[in-house]
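The values are calculated or read from the model by the stated rules, or taken from the named source; none is laboratory data. Predicted, not measured: the structure shown is a model, and the values here were computed from it. Every residue, glycine among them, receives a Cβ derived from its backbone with ideal geometry; neighbour counts consider all protein chains shown. To get the accessible areas, we keep the full protein, side chains included, count just its heavy atoms, and leave off ligands, DNA and RNA. Shrake-Rupley method; radii C 1.70, N 1.55, O 1.52, S 1.80 Å.
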Amino acid sequence: MNYILTTQCTDGVGLIAKITNLCFEHNLNITRNNEFVDREGARFFMRTELTGEPNELFLTQLRKQLPHGAQVALHQGEKTKVVLLATKEAHCLGGVLLKQYEKAMNIEVLAVIANYNDLAPLVSGFGIPFHCVPHTSLSRVEHDEKMAQVIEQYQPDIVGLAKYMRILSPEFVARFSKKIINIHHSFLPAFIGAKPYHQAFERGVKIIGATAHFVNDELDEGPIIVQDVTQVSHANDAEAMAKIGRDIEKTVFCKALQLACEHKVFINDNKTVVFS
């Protein structure tokens with residue numbers, strides 16, 4: 001059987017040896033290994049691909065050998081459960097649904113929840129439940145509560161904001177802490193707010209990009225997972241930039257979900273460790 005072991009803890013001497021020696025003792029074969037030490041934060045991160053039959057004793061012994069508070073998890077190739085939130089734009093949502101349909105990502109989209117009905121036909125075409133939770137006549141907190149109630153029916157591993165154009169309340173973010181992944185239409189923190197590609201056009205930019213990041217209480221300032229850019233020129237108007245930008249947003253959002261479902265992303269304070 002194939003497994004992925006993820007480890008993060010306070011850095012110390014001999015951590016790699018302790019983990020690999022214990023794998024050997026339990027007849028587990030390491031087929032791939034990545035590790036990183038954040039020297040400033042004195043944090044150790046490791047992702048290990050294994051074959052064999054690890055058991056609960058293996059994990060118990062591993063935790064005893066690692067520093068206090070170590071976070072250890074063993075994954076057996078199970079699909080990452082995802083709920084997607086959307087508004088009206090289809091490109092990021094459609095990109096993820098198509099990836100799942102093609103079995104190009106190890107995810108299971110359990111449901112799509114939106115504050116408008118516009119995307120219902122797209123979602124229904126993939127046979128996925130669609131929920132519309134209108135925000136009209138509700139405060140931000142009230143609407144977030146209704147959204148959260150629907151999300152919690154599915155108990156997802158990740159809540160993906162597929163161009164969900166609503167600012168989330170602190171209560172909502174805390175409820176799904178370290179699970180929310182957003183796609184942003186620029187290299188953060190540039191061009192925040194409405195009409196980002198018009199802002200970029202007016203500034204005469206020569207590259208445009210997108211950023212996927214975890215969501216925290218600071219607007220668009222959570223730990224960054226993936227970024228990408230492409231070149232544009234004076235010949236591209238705002239509409240052309242928006243079209244190019246949508247392609248980048250889709251690619252970056254799908255890449256972030258891909259990395260997350262492969263357990264290659266570790267949150268490290270307000271940054272991430274992302275293994276290739």
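Taking 0.36 nm per residue of separation and subtracting the Cα-Cα distance, full extension of the segment from residue 88 to residue 140 would add 16.9 nm. Summed over the residues of the chain and divided among them, the accessible surface reaches 51 Å² per residue at a probe radius of 1.4 Å. Peptide packing: for 65-74, 174-183, 238-247, 106-115, the average count of neighbouring Cβ atoms within 10 Å per residue gives the ranking 106-115, 174-183, 238-247, 65-74, highest mean first. If you only keep lysine pairs separated by 8 or more in sequence, or across chains, how many in segment 46-134 come under 22 Å at the Cα atoms? Lysine pairs, 8 or more places apart or on different chains, close enough: 5. Going by accessible surface with a 1.4 Å probe and the largest first, 7, 272 read 272, 7. Kyte-Doolittle mean at least -1.0 and Cα extent at least 27 Å along the axis: which DSSP H helices of the chain qualify? Taking the DSSP H segments of the chain (at least 27 Å long, mean hydropathy at least -1.0), we get 238-261. The calculated FRET efficiency for residue 116 paired with residue 177, based on their beta-carbon distance and R0 = 25 Å, is about 0.40. For semi-axes √(5λ) of the Cα gyration tensor in Å, which listed value, (i) 34, 22, 17; (ii) 36, 22, 18; (iii) 31, 23, 17, comes from the coordinates shown? Step by step, semi-axes √(5λ) of the Cα gyration tensor in Å for this structure corresponds to label (ii).
What do you reckon, how do 123, 37 stack up by accessible area (1.4 Å probe), largest on top?
Details: 123 0, 37 45 Å².
Accessible-area ranking of 123, 37, largest first: 37, 123.
For segment 34-114, DSSP calls about 40 percent of its internal beta bridges antiparallel.
When the chain is modelled as a GNM with alpha-carbon springs shorter than 10 Å, which of 226, 173, 82 fluctuates the most? So, out of 226, 173, 82, the one fluctuating most is 173.
Each label was represented as a point 7 Å from its Cα along the Cα-to-Cβ direction; for residue 206 and residue 102 these points are 3.3 nm apart.
Across the chain, the relative contact order, built from alpha-carbon pairs under 8 Å that are at least six residues apart, equals 16 percent. Using the Cβ-Cβ distance between residue 40 and residue 63 with R0 set to 22 Å, the FRET efficiency works out to roughly 0.30.
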